[in-house]
Ligand SMILES: Cc1cc2nc3c(=O)[nH]c(=O)nc-3n(C[C@H](O)[C@H](O)[C@H](O)COP(=O)(O)OP(=O)(O)OC[C@H]3O[C@@H](n4cnc5c(N)ncnc54)[C@H](O)[C@@H]3O)c2cc1C
């Protein structure tokens, strides 16, 4: 059954207990009379955008719809997998966002009626409706299940991807903990474009650190669907120094691309070989989160083309797409980028409602990769819109120096932790 907003208010008062899947937060703020913006997806992009919208113009009625009551952040999650951090340190609630005046609803969005400008969410028989003047989507990524034969959602319960969600991170950590010394951990790294390009190599590094300190007869093999990867020289130098003989990278040209997976035996086949893993981690090819399909804003690539000034969809006026789901040219798919895109998008929406022209933004993004607890490398970029996309702009991409001293690597590890605290406090705190 579909309910209108009027039904919803009655529902919330009368039958709260019966409403299991979609639950409005207890203290729903009074709607302002201003234009309505609905943001779907309370990750880095969506949460940053919802907050920034209220700040940009308090007359806007801003609603955030998120399917989970607790957000589990992926940055630093490789440290959780390697036993260097606890999962709870990755988890954030939405209380502060609600206190900033954002109307908050928990429930899965299951339909977007772009003609009527309505969103239906809840996931149970009782769907709730929210109307919008402008809609912002920040759904993150989805996986191309079965692009590697045999690797579907059911298989991910046995061989985790650990690229989204708390359960997956916890499962990979448990599997590593229960693995016997002498086993081989096989990580399958995806083709680009994908979420956080350095993350598979950070993961391989930190798993190697775990094995070196707890199960030293074991090893890690990275099977890659690519011939090169970001910050490759920095990673490879560190591997030679920290994990000699423990970590092997197999490029696509050397037969690294996985073609099929047998989840029961944890066997990963490539065109050249078969790898029997004691623990396997398959990170499949990706596309924009399913919401993008629901709204019809993804193109044939599976990602969402947007105007770089406003992040408004090129396929559907009135709908903005930010974060990993959007095509933003040279900008990497990162929490850093999603957060800054959320804020730029909010400023652009406020400008559009005020009849102004949004300013051309300069965006920066920084990405740290931990290779050992006291050893990190980083890549920072500055981007400006050129034509339809973001291009690198002065001072361009800067990376950690190849010959940096250990003290510098250790300082970058501290900066990585400080970056995580800053970004999560700014978005959720
Ligand atoms: C292992 C790993 C390490 C990483 N390390 C870093 C790092 O060091 N630095 C960095 O900057 N980035 C890092 N990233 C990348 C970063 O996590 C993502 O780029 C970022 O989370 C993207 O934000 P987003 O808002 O686009 O998507 P997400 O953060 O995924 O948020 C999407 C939200 O939408 C919600 N949602 C989806 N569909 C629906 C629906 N139908 N209804 C309601 N809600 C819905 C989801 O529940 C989720 O909360 C890492 C990623 C991984 C996997």
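In region 200-230, what count of residues is obtained for those that are in contact (Cβ under 8 Å) with a residue 60 or more places away in the chain, under 21 Å from residue 141 (Cβ atoms) and out of contact with any helix residue (DSSP H, G or I) (no Cβ under 7 Å at 6 or more places or on another chain)? So the answer is 2.
Could you list, in sequence order, all residues of region 133-149 that are surrounded by fewer than 20 Cβ atoms within 10 Å (Cβ to Cβ) and touching a strand residue (DSSP E or B) at 6+ places or on another chain (Cβ under 9 Å)?
133, 144, 149
Within region 401-429, residues that are within 17 Å of residue 236 (Cα to Cα) sit with their Cβ atoms under 7 Å from residues that are outside any helix (DSSP H, G or I) and within 13 Å of the ligand (Cβ to nearest atom), at 6+ positions apart or across chains, in these pairs: 409/376.
Is it the case that residue 98 is part of a strand (DSSP E or B) and modelled with pLDDT of 95 or more? Here the answer is no, as residue 98 does not meet what is asked. Within region 336-390, being crowded, with 24+ Cβ neighbours inside 10 Å, more than 10 Å from the ligand (Cβ to nearest atom) and over 21 Å from residue 43 (Cα atoms) holds for 371, 377, 383, 390.
Within region 123-148, the set of residues being part of a loop (DSSP other than H, G, I, E, B) and modelled with pLDDT under 95 comprises 123, 124, 125, 126.
Anything in region 108-122 that is in a loop (DSSP other than H, G, I, E, B) and at negative phi? List them, or say none.
Of everything in region 108-122, those that are in a loop (DSSP other than H, G, I, E, B) and at negative phi turn out to be 108, 114, 115, 116.
Residue by residue, here is whether (1) surrounded by 19 or more Cβ atoms within 10 Å (Cβ to Cβ); (2) over 24 Å from residue 167 (Cα atoms); (3) touching a helix residue (DSSP H, G or I) at 6+ places or on another chain (Cβ under 8 Å) holds:
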position	(1), (2), (3)
279	yes, no, yes
285	no, no, no
298	yes, yes, yes
301	no, yes, no
304	yes, yes, yes
311	yes, yes, yes
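Restricting to region 126-153, and then to whatever is without any contact (Cβ under 8 Å) to a residue 60 or more places away in the chain and within 29 Å of residue 211 (Cβ to Cβ), can you tell me which residue is nearest to the chain's Cα centre (by Cα)? Only one residue fits best here, namely 153. Residue 404 meets each of the listed conditions (1) over 30 Å from residue 114 (Cβ atoms); (2) buried (at least 19 other Cβ atoms within 10 Å of the Cβ) apart from (2). Just to be sure before I move on: is residue 265 more than 26 Å from residue 198 (Cα to Cα), surrounded by fewer than 17 Cβ atoms within 10 Å (Cβ to Cβ) and touching a strand residue (DSSP E or B) at 6+ places or on another chain (Cβ under 8 Å) in the structure I sent? So residue 265 fits the description; yes. Checking region 44-53 against the condition returns no match, with no residue being on the phi > 0 side of the Ramachandran plot, crowded, with 22+ Cβ neighbours inside 10 Å and modelled with pLDDT of 95 or more. Among the residues making up region 69-86, those that are in contact with a helix residue (DSSP H, G or I) (Cβ under 9 Å, 6 or more places away or on another chain) and either at pLDDT below 95 or not in a helix (DSSP H, G or I) (or both) are 70, 71, 72, 73, 74, 75, 76, 82, 83, 84, 85, 86. Restricting to region 160-194, name every residue that is within 16 Å of the ligand (Cβ to nearest atom) and either part of a loop (DSSP other than H, G, I, E, B) or at positive phi (or both). Matches in region 160-194: 160, 161, 162, 163, 164, 165, 190, 191, 192, 193, 194.
The numbered conditions (1) over 18 Å from residue 352 (Cβ atoms); (2) touching a helix residue (DSSP H, G or I) at 6+ places or on another chain (Cβ under 8 Å) are all true for residue 52 except (1). Among the residues of region 123-144, just one is more than 16 Å from the ligand (Cβ to nearest atom) and within 21 Å of residue 303 (Cβ to Cβ), namely 134. Please work out if residue 89 is free of Cβ contacts under 8 Å to residues at least 40 places away in the same chain and either in a helix (DSSP H, G or I) or touching a strand residue (DSSP E or B) at 6+ places or on another chain (Cβ under 9 Å) (or both). Here the answer is yes, as residue 89 does meet what is asked.
Those strands (runs of 3 or more DSSP E) of region 239-335 in which at least 1 residues are within 13 Å of the ligand (Cβ to nearest atom) and at pLDDT 95 or above, considering only elements entirely within it, cover 279-282, 286-288, 319-321.
The values are calculated or read from the model by the stated rules, or taken from the named source; none is laboratory data. As the structure is a prediction and not an experimental result, all values here were calculated from the model. We place every Cβ from the backbone using ideal geometry, glycine too, and count neighbours over all the protein chains shown.
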